[in-house]
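One structure is given below, encoded as structure tokens.
The values are calculated or read from the model by the stated rules, or taken from the named source; none is laboratory data. Values in this document were obtained by computation on a predicted structure and should not be read as measured data. Every residue, glycine among them, receives a Cβ derived from its backbone with ideal geometry; neighbour counts consider all protein chains shown.
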């Protein structure tokens, strides 16, 4: 049995309160990972072309105010 299968099995055994606590923890954990990835992408310039394209589109009137 793989690690993931073991974790899945253990999750199925959680009571509702434990499952809610796991959900809250995982959402925060996953959000932190996402934030770190975005920050790394910004530092390495991976998003520069997208930002430049968005700025060009805005300058050319292809955006709307929210």
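Checking each residue of segment 25-45 against the condition of being touching a helix residue (DSSP H, G or I) at 6+ places or on another chain (Cβ under 6 Å), surrounded by 10 or more Cβ atoms within 10 Å (Cβ to Cβ) and without any contact (Cβ under 8 Å) to a residue 60 or more places away in the chain gives no match. Here residue 64 meets the list (1) more than 24 Å from the chain's Cα centre (by Cα); (2) modelled with pLDDT of 95 or more almost entirely, failing just condition (2).
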